[in-house]
1. Indicate the gyration tensor shape class of region 191-251 (rounded, prolate or oblate), computed on the Cα atoms with a ≥ b ≥ c the square roots of the eigenvalues: a/c under 1.5 is rounded; otherwise a/b larger than b/c is prolate and the rest oblate.
2. Could you sort 220-226, 37-43 so that the peptide with the highest average Cβ count within 10 Å comes first and the rest follow in order?
3. At 0.36 nm per residue, and after removing the present C-alpha to C-alpha distance, how many nm does the segment from T138 to Y85 gain when stretched out fully?
4. With contacts defined as alpha carbon pairs under 8 Å and 6 or more residues apart, what's the relative contact order of the chain in percent?
5. Heavy-atom accessible area per residue, the chain, 1.4 Å probe: how many Å²?
6. Take the eigenvalues of the Cα gyration tensor for region 70-199, scale each by 5, and report the square roots as semi-axes in whole Å, largest first.
7. Let me spell out the model: positive unit charges on the Cβ of Lys and Arg, negative unit charges on the Cβ of Asp and Glu, origin at the Cα centre of region 230-338. What dipole size does that give, in debye rounded to 20?
8. Just name one of A77, T138, W222: the one whose Cα is farthest towards the positive end of the charge dipole of the chain (beta-carbon charges, Lys/Arg +1, Asp/Glu -1).
Amino acid sequence: MNFMKKNILVLIFTCFITLMFAEDVVLEAGNLKIICHEYSGSVSLYGKSQKNGKFISLIDNSNYSSTSGLYLKIDNAFRKLERTYDINVATELIENGVMVSYEIKKQALVEVRFTTFTSLIALKNDCIKVDISIKNLTEATHEYSVKAVFDTLLGEASKNHFFTAKINPLNTEQVFDSMNIQKYIASTNGFDTIGFLFYGNNMSNPENVYVGNRDSLLKNLWVPSITPNKIFDSINSFNNSAIAVFWRPIELFPINKSTISFFISTSSDKKAFPLEKSFPPEVLTLGPALEEDSAIYTDSYGVTHTVSVHNDEQLDPEYIADLLTRIDNFEINPDGSNRDEIKKLNAELDAIMLKVKRLKSEENAEN
């Protein structure tokens, strides 16, 4: 048996064993059910319909479905986040939610948290806060970009596929360069509704949002090709719509992390689905946990960055002095366009000071 055939057989056997012992993580909370599929890494969302009291699919995404999911681009190469030979998947229950982790070996760790909560207009859990954290596992600086595709179902049944804060119905392909005006994209069958909220406090404003034919959004291209005002039909897919969301590229130093956040809200009794003003205050303050020797800041697009010390050079007094000079120069000549850079430099300085303080404390304890 040659080397290549042997490796293929080993890979098939490993996948078979993983499939046999894989256990889905299931969370049922109020009117919501979330399933994280251990083997594939896909996530299924369900809402309880008041019509019959049963859970119904809110997006088309079962264990082996490839129509909904997250994609990660590192510099110029991208891939879907799912279990492969070099992507490890782990799922777990967390407080009020579930988490699925994708570790791309020696490149990145992506953790996706789905935290459920009850809006102020409901009696049971009807909303989800989604936090997507990307950590650089390499020893160099890279640019990371995240894309999400949601293959919606509800609007296809009613033939009015989507609606936004300003457009109702939305029944043709469109590209939105900002969600400042549209606020959200929702899909309803006239009774059950799911809304994807992308603009507001504690949300990361996307760079672009596409609504289009599902097959067009799933082609092996980072940026899909769609035709504005075209109906959601293709040669192979009739009346099949989906949403693709693109967040801005993020430059990450080694071991640093950034978190993208948005909300999913649902309704099942013909009333308006919950918006940000209906979210409990404590939910809006949820954020990534503070790590040792790290500082956190949120940029002007609502992305939260965790800044850590990634090399010994940053602890050099000359480097710290230069960092202080750069901060002073920015503050002496303030410009709205450099607000995020000032926050970033200040967070780096805070992280350095925290690490220096900890190292000195450990040194004193040893003496």
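The values are calculated or read from the model by the stated rules, or taken from the named source; none is laboratory data. None of the values given here were measured: they were computed from a predicted structure. Cβ: placed from backbone, ideal geometry, glycine included. Neighbour counts: every protein chain shown. Ligands, DNA and RNA are stripped out before the accessible areas are found, and what is left, the full protein with its side chains, is counted by its heavy atoms. Shrake-Rupley method; radii C 1.70, N 1.55, O 1.52, S 1.80 Å.
1. Oblate is the answer for region 191-251, as a/c is 1.5 or above yet b/c matches or exceeds a/b.
2. Working: 220-226: 12.6, 37-43: 22.3.
Order by mean packing, descending: 37-43, 220-226.
3. Values: separation 53, 0.36 × 53 = 19.08 nm, distance 1.85 nm.
Result: 17.2 nm gained on full extension.
4. Once normalised by length, the contact order is 13 percent.
5. Heavy-atom SASA per residue in the chain reads 50 Å².
6. With the √(5λ) rule applied to region 70-199, the semi-axes are 31, 20, 14 Å.
7. Working: 7 positive and 17 negative charges, 237 e Å.
With only Lys, Arg, Asp and Glu charged at Cβ, the dipole is about 1140 debye.
8. Selected residue: W222.
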